[in-house]
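Below is one structure, written out as structure tokens, with a few remarks after it.
Coordinate-derived values only; no laboratory data. Just so you know, these numbers come straight off a predicted model, no measurement behind them. Every residue, glycine among them, receives a Cβ derived from its backbone with ideal geometry; neighbour counts consider all protein chains shown.
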Amino acid sequence: MSRRGLKFGIFLAPFHRVGDNPTLAIRRDIELIELLDRLGYDEAWIGEHHSAGWETIAAPELIIAAAAERTKHIMLGTGVTSLPYHHPFLVAQRFVQLDHMTRGRVMLGCGPGALPSDAYMMGIEAITQRRRMEQSLDAIMALLKCDAPVTMKTDWFELRDARLHLAPYTYPHFPISVASTLTPAAMMVAGKHGLGVLSLAAGIPGGPEKLPGQWKIAEDAAAANGIAMDRGKWRLVVNAHIAENDERALAEVHDGERAETVTYFEDTLGRPPGRADSPLRDGVANGSTLVGSPDTVARGIEKLVAYTEGGVGGILFRAHEWADAEQTRRSFELFARWVMPRFQFSLDTVARSQEWARANRADIFAPNVEALRRAYTDADRAIPDGFITRAAGGRDIAPKTEKA
């Protein structure tokens, strides 16, 4: 956690139910990022997917470019760029350009590719994806140094005397993070280069308990390469929804969560059904889902951070449409107003100022009452002849007249 406290944002895959107008859905995604920028959220990470119907953004860089022109402060990253699908030289080139276009607000999230159907269509064998991600990231990191030409040859890409013709806008380069679930591969790659981590495991059953072991893998890999990991670059990705009270929050998302789980994760992707009798309530209980009132969600964040045994830099909410559009916007607003400040130290001085004034009101405010009373008394004595005024109580003070 930085001195400013936790950072908050979204992990926008996105998830849009099949049958929803995809043109309107993409527009909603951009409008959501605009809303989060106005509400003071720190980050938005946008996904890359190419099949299975629900996650309909194929080029997150295009969303970033559009959102950058409509926002002022929020950082914009890919969540994630599937490195085995792209030549690493082109990935580096695109993100350096975005770094300039956003004046330093772009981030590169890296992963091996989440959907087997994406890799299948491109003829990429699943067993090669993690190795290819590491090779690609090695090449990208070498290119971003901009200190020497890069020559590198693998079984799927080649660099010959390669160099970037633009240096990054951000020195030494834009933030880079690696997405991790429960396997050690991503944590080892992050540790190899001292990069950030996006822990998707935090939002799945049993995931929070495994976070300390995951971070230890990255720390060991970093130490082996003579560098250190920074917890401030660690993000936990979880599901969340906030309403005025717990039961209302659970009711607002119940049907949408069931539709997403059954229709997408079970029927489409093949996840075993019935993994929990009460998935929302079980998720809230074990810390992998944050659904409830502002107080309940705040306690959930405290519990989730405690699982890490040392802290993290930020929390990302997996953007979903479990609730309707108005309830979803309200959720983000409630979080920004009543939860976010608790973890960013922006309430400390406000609370201390209020406590000080309350504790000292007898000594500080009582003399002011007397001063106000005297001000009215003195004003009465100072009314000139012929002058009409109105007293504090609303009565007219008649002008003085001379007797005939």
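Arranged from fewest to most other beta-carbon atoms within 10 Å of their beta carbon, LEU236, LEU347 become LEU347, LEU236.
A helix-only calculation puts the chain at -13000 deg cm²/dmol for mean residue ellipticity at 222 nm, using -39500 (n - 2.57) for each DSSP H run of at least four residues, averaged over all residues.
With a Förster radius of 45 Å applied to the C-beta separation of LEU35 and GLU158, the computed FRET efficiency comes to 0.55. Local charge for GLY194 was computed over the other residues whose Cβ lies under 11 Å away, with Lys and Arg +1 and Asp and Glu -1, and equals 0.
Within the chain, the longest run free of exposed loop sites, counting GluC sites (Glu not before Pro) that sit outside DSSP helix and strand states (H, G, I, E, B) and have at most 13 other Cβ atoms within 10 Å, spans 126-243.
The loop-placed trypsin sites (Lys or Arg not before Pro) in the stretch 161-247, going by DSSP, that have at most 16 neighbouring Cβ atoms within 10 Å of their Cβ come out as ARG163. Annotation for the stretch 233-267 versus the stretch 295-352: alpha-carbon center distance of 15 Å.
Neighbours of THR78 by Cβ distance under 14 Å: Lys/Arg scored +1, Asp/Glu scored -1, total -3. Among the trypsin sites (Lys or Arg not before Pro) in the stretch 241-326, those located in a DSSP loop and surrounded by at most 16 other Cβ atoms within 10 Å of their own Cβ are ARG275. For the chain, the relative contact order comes to 16 percent (Cα pairs under 8 Å, sequence separation of at least 6). The H on the amide N of TRP234, modeled in the peptide plane, is under 5 Å from the matching H of VAL197, GLY313, GLY314, each at least 5 residues off or on a different chain.
All other residues whose Cβ lies under 13 angstrom from that of ASN368 are scored, Lys and Arg at +1 and Asp and Glu at -1, for a net of +1. Cβ crowding within 10 Å ranks MET107, MET101, MET121 as MET121, MET101, MET107, fewest other Cβ atoms first. Taking Kirkwood radius over Cα pairs in Å as calculated from this structure, the corresponding entry among (1) 23.2; (2) 24.0; (3) 22.3 is (2).
Please identify the helices of the chain, taking whole runs of DSSP H, that span at least 18 Å along their own axis as judged from the Cα atoms and have a mean Kyte-Doolittle score of -0.5 or higher.
On the way: long enough: 22-39 (25 Å, 0.25); 88-101 (20 Å, 0.39); 129-145 (24 Å, -0.52); 211-224 (20 Å, 0.00); 246-260 (21 Å, -1.35); 294-307 (20 Å, 0.06); 325-338 (20 Å, -0.96); 366-381 (23 Å, -0.99).
For the chain, where a helix must reach 18 Å along its axis and average at least -0.5, the hits are 22-39, 88-101, 211-224, 294-307.
Backbone amide hydrogens, once placed in the peptide plane, bring MET75 within less than 5 Å of GLU43, ALA44, excluding anything fewer than 5 places away on its chain.
List the trypsin sites (Lys or Arg not before Pro) within the stretch 57-134 that DSSP assigns to loop and that have no more than 14 neighbouring Cβ atoms inside 10 Å.
Answer in residue order: ARG70, LYS72, ARG103.
Kirkwood-type hydrodynamic radius, the stretch 98-192: 14.8 Å, calculated from all non-identical alpha-carbon pairs. Ordering TYR85, TYR376 by the number of other Cβ atoms within 10 Å of each residue's own Cβ, fewest first, gives TYR376, TYR85. With 30 Å as the limit, the listed pairs LYS72/LYS303; LYS216/LYS303; LYS153/LYS192; LYS72/LYS153; LYS7/LYS153; LYS72/LYS210 have LYS72/LYS303; LYS72/LYS153; LYS7/LYS153; LYS72/LYS210 beyond it between alpha carbons.
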